[in-house]
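Below you'll find the structure, written out as structure tokens, and then a few comments.
The values are calculated or read from the model by the stated rules, or taken from the named source; none is laboratory data. The structure displayed is predicted, hence computed values, not measured ones. Virtual Cβ from ideal backbone geometry, glycine too; neighbours counted across all protein chains shown. Just so you know, the surface numbers come from the protein's heavy atoms only, side chains and all, with ligands and any DNA or RNA stripped out. Shrake-Rupley method; radii C 1.70, N 1.55, O 1.52, S 1.80 Å.
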Amino acid sequence: MSAHPVAAVTSPSTWAFIEDKFRPHAKEMLAKLVDFVQNEVVPAERVYLAQIPSDPATRWQTIPPILEELKAKARKLGLWNMFLSKTHYPDVGVDLTNLEYAVMAEVMGRTGALASMATNCAAPDTGNMEVFARYGTPTQKKAWLVDLMAGKTRSSFAMTERFVASSDATNIKTSIRKEGNDIVINGHKWWISGAGDPRCAVHLVMGKSDPNNPDRYQQQSIVIVPANTPGVKVIRPMTVFGYDDAPEGHCEVIYENVRVPESNLIAGWGRGFEVIQGRLGPGRIHHCMRSIGLAQRALDIMIERITDPTRKTFGKHLYEHGTIVQNVALSRAEIESARLLVLSAAHQIDKARAKGAMKEIGIAKFVVPSMALGVVDRAMQSFGAEGLSQDTPLAYFYSGLRQLRYADGPDEVHIQQIGRKEIGRAPELKKLSEAAAQKEKQLFAEAGLKARL
């Protein structure tokens, strides 16, 4: 039996560990995906970037034609909306477990966002589609979910606010107020991914609808805002280390007296936190899955570089230097460890949905981006100054990964949550220690020995 092609781009040992959890149709889809990413998407990466105009007048209005070509090929192959599990969303989902999708997301992550966009599995649309699929009314699904799933439109999720410490989402100040049969929204958001895209048809906006509620987690609601609604003002794209991620962008957006019908409310008044926990859990793990792939790609690029026979320093090939060998080994070890962590979280989501996997998701969220940044940094170092330039994709990889230490909650928040959960185990640990001490005392007595302190 021949080895599955995914082993060559991920890890043979990890694939052997999880292969029996993949059903035949998932293995077949994964093989198609590996071929599609390696032979269609990777060769298109530089073409995609070259097709984005540098002229500001057209830069934010142009969708690279190569992307639409890739989307057509992916859809023909059945590589479409793979993130949406039929187990949880039987009316619209794809027959894949989160574990099966985790490996696919790693493969797609090798190209940054391009493969994910080509297969309609890119953020923020993935999270927004899950919101519509899980909480949307039939009317809301028909209006927004159908076109998102068809790849005809894109979307934004507006949560982070300027001038507000938004890592604590209870601080957000955007006003969502009921007025007759309408909802009126006023707020100042930024880092709103996808808001600059000409295909962006809808924003999901989170704000405070009941600021005086004694329960801080029932003060917020989420509202559907069509992107062309009067009062929606996209102010500017933000840049990350100089990259603007056009044409999607991460934008500053002002909502000024934006008025929509009350039927645009998601799930119900005061359920904003409930919705975002359902949305951000899968979103966080999807980011981690893709980050593993990007780290693996960076290591692959590094290995090609250091084994280039024309590259010698101080009379040695690069791969003959001890520090280089050490960096390769460290990167391999860290990728392998993080991959197992992510797969464990994906498996737990399958067993208990995102809410039952919050510990595993939280750990992955602060471990994986930092790991991947370290791997990319070592790869950059092996290129010298070239590693910082536009002549390799590594600097762009780095900027994208650095965002993830903030996106969907900064590292510090996840670390605090996990730390508190661990400390909460203290009473149970004490009970176990006391029981062991009692047993030990009994054993000493039976042996006719005197216990020593």
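One table, with the values for the structure above:
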read-out: Some residue of the range 365-374 being in a loop (DSSP other than H, G, I, E, B), touching a His at 6+ places or on another chain (Cβ under 9 Å) and closer than 29 Å to residue 347 by Cβ; value: no
read-out: Only listed residue being part of a helix (DSSP H, G or I), open to solvent by 10 Å² or more (accessible area, probe 1.4 Å) and of a type in the set (D, E, K, R), chosen from 100, 68; value: 68
read-out: Meets criteria (modelled with pLDDT under 95, of a type in the set (Lys, Arg) and more than 23 Å from residue 395 (Cα to Cα)) for residue 279; value: yes
read-out: Condition check for residue 326: open to solvent by 70 Å² or more (accessible area, probe 1.4 Å), assigned to a helix (DSSP H, G or I) and not assigned by TED's automatic domain parsing to the domain that holds residue 130; value: yes
read-out: Looking only at the range 241-255, and only at residues there that are open to solvent by less than 20 Å² (accessible area, probe 1.4 Å) and assigned to a strand (DSSP E or B), the one that is farthest from residue 54 (Cα to Cα); value: 255
read-out: Unmet requirement for residue 356, which otherwise passes all of (1) open to solvent by 50 Å² or more (accessible area, probe 1.4 Å); (2) at pLDDT below 95; (3) under 19 Å from the mean Cα position of the chain (by Cα); value: (1)
read-out: Members of the range 404-450 that are in contact (Cβ under 8 Å) with a residue 24 or more places away in the chain and farther than 30 Å from residue 251 by Cβ; value: 418, 421
read-out: Residues that are assigned to a loop (DSSP other than H, G, I, E, B), of a type in the set (S, T, N, Q) and modelled with pLDDT under 95, drawn from the range 72-95; value: 87
read-out: Residue 289 being at pLDDT below 95, in a helix (DSSP H, G or I), of a type in the set (A, V, I, L, M, F, W, C) and assigned by TED's automatic domain parsing to the domain that holds residue 369; value: yes
read-out: Candidates 105, 74, 31, filtered to the one that is among the small types (Gly, Ala, Ser) and either out of contact with any Phe, Trp or Tyr (no Cβ under 9 Å at 6 or more places or on another chain) or surrounded by fewer than 16 Cβ atoms within 10 Å (Cβ to Cβ) (or both); value: 31
read-out: Among residues of the range 94-124, those that are within 22 Å of residue 201 (Cα to Cα) and either in contact with a Lys or Arg (Cβ under 6 Å, 6 or more places away or on another chain) or assigned by TED's automatic domain parsing to the domain that holds residue 340 (or both), counted; value: 1
read-out: Any chance residue 301 is at pLDDT 95 or above and either part of a helix (DSSP H, G or I) or of a type outside the set (D, E, K, R) (or both); value: yes
read-out: Close pairs from the range 160-184: first on the phi > 0 side of the Ramachandran plot and among the basic types (Lys, Arg), partner at pLDDT 95 or above and open to solvent by 10 Å² or more (accessible area, probe 1.4 Å), Cβ under 8 Å, at least 6 apart; value: none
read-out: Considering residues of the range 128-167 that are under 15 Å from residue 195 (Cα atoms) and in a helix (DSSP H, G or I) only, the residue modelled with the highest pLDDT; value: 148
